[in-house]
Amino acid sequence: MSVETLKSAYNKYKEKDLFGRYINCSHILPLLENLKTTFEINEVGVSVENRPIYSVKVGVGKKRIFMWSQMHGNESTTTKAIFDFLNTIKLKDKCVDSIFNNCTLLIIPMLNPDGAEVYTRLNANSIDLNRDAQDLSQPESRVLREVFNSFKPDYCYNLHGQRTIFGVGNSNNSATISFLAPAQDKDCTVTSTRKVAMEIIATMSKNLQYQIPNQIGVYDDAFNINCVGDTFQSENVPTILFEAGHFTNDYDREIVRKFIFQSYIISLKYIAENDINGSNYKPYLGIGENQKTFFDIIIKNAKISFSDVETIDIGIIYQEVLINKTLEFKPRIEKISNLKNYFGHKTIDASHGLIQTINSEILTEGYENDFVLINCEQFSLKPK
């Protein structure tokens, strides 16, 4: 499928009622209501705070694919792309015919509605659901496991979002989209099950490399049986971790959303139209591994006191804070050091200038403010 076809489909079927990073249950409920005439929609459980958890069943084929999003409540990009994809199916675009006819998809668009409500990774009991695959201590974890057991999927899509701190290897390339074929044993053996997941990831990477070259990453595959992906992979169900990352100035993750949408269609068509045995897994091994090499802003060649002889670098990371149902990005000084081995999504050259707090005080790690002073002039740190 051509890139132009994928772009056209996205522009045509993008769900206009979803935008930005803060997506909660109230945003998706009317969309699910509108989809009831087309898809089978069921309430499969409730959260700690008694919010409903829904599944959407799509397609009539024999290949069974289980997808879930917002296991972490503040990771919403993959949820937006799910509704873009569902619109594409609903309106019967030809590009998804083979998916509908050859596959049956069961999708949980929001597994952690309580976390989504307050924009946090954890559920209402402060538990990371992606570390609860064995204990099943939380109602949301039990819902996921029960649906997995009853649906008996042939493939799983574990849909997440990642922070802006990740780059691809040691390059000055942000990890815009990342994947992982999770390990299924402590030795990280490249098993036949993992090879199938790797082959599917390789098809998505190939498409993305045309558009965002060298911005595709893979996560370290250290095994943790408490993680859902590792658990399902260990049960010989090919499982793929998706991570929606950062593209230049795309703090709303609307550009990344487009690439996630494309990746759904590319991978699901590949499953629908092929008998996958993992023989084409090797391109996966060539994808660069994620490294924590980025700050949102680096101020280079700065001085933080009048007495400084040498310059230093200042690394800033945005804290994502929900205020009155609006997500705000608050700059925080994370590191004052020599940051020559790090990159900034935005770089400011202070040219040996003095950097101070807005109150003309010495800058320290942990300082949070939308502004700093550079040579006594106010300078905004907020994303544009």
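Each reported figure results from applying straightforward, stated rules to the coordinates on display, with no laboratory input. Worth saying up front: this structure is predicted, and the values here are computed from it rather than measured. Cβ atoms come from the backbone with ideal geometry, glycine included; neighbour counts cover every protein chain shown.
Putting +1 on Lys and Arg Cβ atoms and -1 on Asp and Glu Cβ atoms, find which of Ile28, Asn50, Ile165 reaches farthest to the positive end of the dipole of the range 3-292.
Going by the Cα projections, it comes out as Ile28.
Dividing the alpha-carbon radius of gyration of the range 55-156 by 2.2 N^0.38 Å (N being the number of residues), what value is obtained?
The value comes to 1.14.
Mind sorting Ser141, Ser8, Ser69 by how few other Cβ atoms lie within 10 Å of their own Cβ, fewest first?
Lowest to highest Cβ neighbour count: Ser8, Ser141, Ser69.
Jot down the radius of gyration and Dmax of the range 94-207, Cα atoms only, both in angstrom.
Rg then Dmax for the range 94-207, in Å: 16.7, 44.
Calculate the FRET efficiency for Glu4 and Asn50 from the Cβ-Cβ distance with a Förster distance of 30 Å, rounded to the nearest 0.05.
Computed FRET efficiency for Glu4 and Asn50 comes out at 0.10.
If you put +1 on each Lys and Arg Cβ and -1 on each Asp and Glu Cβ, how big is the dipole of the chain around its Cα centre, in Debye rounded to 20?
Dipole size: approximately 1100 debye.
Out of the range 276-318, which chymotrypsin sites (Phe, Trp or Tyr not before Pro) are coil in DSSP terms and have no more than 10 other C-beta atoms within 10 Å?
Phe306
Filter the cross-link list Lys14/Lys258; Lys14/Lys80; Lys303/Lys335; Lys346/Lys382; Lys36/Lys325; Lys57/Lys325 down to pairs whose alpha-carbon distance in this structure exceeds 19 Å.
Check vs 19 Å cut-off fails for Lys36/Lys325; Lys57/Lys325.
Please order Asp114, Asp275 by the number of other Cβ within 10 Å, starting at the fewest.
The fewest-first ordering by Cβ neighbours comes to Asp275, Asp114.
Taking +1 at the Cβ of each Lys and Arg and -1 at the Cβ of each Asp and Glu, which of Ala116, Cys103, Phe66 sits farthest along the dipole of the chain towards its positive end, judged by Cα position relative to the Cα centre?
Checking the options against the dipole of the chain, the answer is Cys103.
Which value results for Rg/Rh of the range 295-380 when Rg is the Cα radius of gyration and Rh the Kirkwood radius based on the inverse mean 1/r?
0.98
Just to verify a number: FRET efficiency for Glu328 and Asn172, C-beta to C-beta distance, R0 = 35 Å, to 0.05?
My answer for the efficiency is 0.80.
Using only the Cα atoms of the range 1-97, what semi-axes does the equivalent ellipsoid have when each is the square root of 5 times a gyration tensor eigenvalue? Give whole Å, largest first.
After diagonalising the Cα gyration tensor, the semi-axes are 23, 17, 12 Å.
May I ask for the angle, rounded to the nearest 10°, between helix 3-13 and the longest principal axis of the chain, with both axes built from Cα atoms and the value confined to 0 to 90°?
Long axis of 3-13 versus the principal axis of the chain: about 90 degrees.
What's the center-to-center distance, using Cα atoms, between the range 114-134 and the range 286-315 in Å?
The range 114-134 and the range 286-315 have Cα centres spaced 32 Å from each other.
Would you give the gap between the C-alpha center of the range 4-27 and the C-alpha center of the range 256-281, rounded to a whole Å?
Measuring centre to centre over Cα atoms gives 19 Å.
What dipole magnitude, in Debye to the nearest 20, does the range 8-51 give about its Cα centre under +1 on Lys/Arg Cβ and -1 on Asp/Glu Cβ?
Magnitude of the dipole: close to 280 debye.
Residues in the range 160-181 near a label at Glu365, defined as backbone nitrogen under 20 Å from the 7 Å Cα→Cβ point?
Residues 164-167 qualify, since their backbone N sits under 20 Å from the label point.
Positive end of the dipole of the range 295-380, charges at C-beta (+1 Lys, Arg; -1 Asp, Glu), about the Cα centre: which of Ile358, Ser305, Gly344 has its Cα farthest in that direction?
The one lying farthest along the dipole's positive direction is Gly344.
Rg over Rh of the range 124-270, using C-alpha atoms and the Kirkwood radius, what does it come to?
0.97
By count of other Cβ within 10 Å, fewest leading, how are Glu117, Glu40 ordered?
Listing Glu117, Glu40 from fewest to most nearby Cβ atoms yields Glu40, Glu117.
For the range 127-261, what relative contact order do you get, as a whole percent, if you take Cα pairs closer than 8 Å and at least 6 residues apart?
Relative contact order of the range 127-261: 37 percent.
For a quick check: with amide H placed at 1.01 Å from N, whose amide H comes under 5 Å from Gly353's, ignoring anything fewer than 5 positions away on the same chain?
Result for Gly353 returns Lys303.
Under 8 Å for C-alpha pairs, at least 6 residues apart: give me the relative contact order for the chain, rounded to a whole percent.
Relative contact order comes out at 16 percent.
Tally Lys and Arg at +1 and Asp and Glu at -1 over the other residues with C-beta under 15 Å from the C-beta of Ile212: what net charge comes out?
My count for the surroundings of Ile212 gives +2.
Suppose every Lys and Arg Cβ carries +1 and every Asp and Glu Cβ carries -1, with no other charges. What dipole size does the range 44-154 come out with about its Cα centre, to the nearest 20 debye?
Magnitude of the dipole: close to 560 debye.
Restricting to the chain, compute how many DSSP beta bridges are antiparallel as a %, nearest 5.
60 percent
Could you give the semi-axes, largest first, of the ellipsoid that matches the chain, computed as the square roots of 5 times the alpha carbon gyration tensor eigenvalues and rounded to whole Å?
Over the Cα atoms of the chain, the semi-axes work out to 38, 23, 20 Å.
List the GluC sites (Glu not before Pro) within the range 312-384 that DSSP assigns to loop and that have no more than 13 neighbouring Cβ atoms inside 10 Å.
Glu361, Glu365
Which net charge results when you count Lys and Arg as +1 and Asp and Glu as -1 among the other residues whose beta-carbon is under 13 Å from that of Asn375?
-1
For the range 82-141, which trypsin sites (Lys or Arg not before Pro) are in a loop by DSSP, counting at most 11 other Cβ atoms within 10 Å?
Loop-located and lightly packed - Lys92.
When we measure straight from the Cα of Lys186, which lysines land under 25 angstrom away, once same-chain ones fewer than 8 places off are left out?
Output for Lys186: Lys152, Lys195, Lys282, Lys292.
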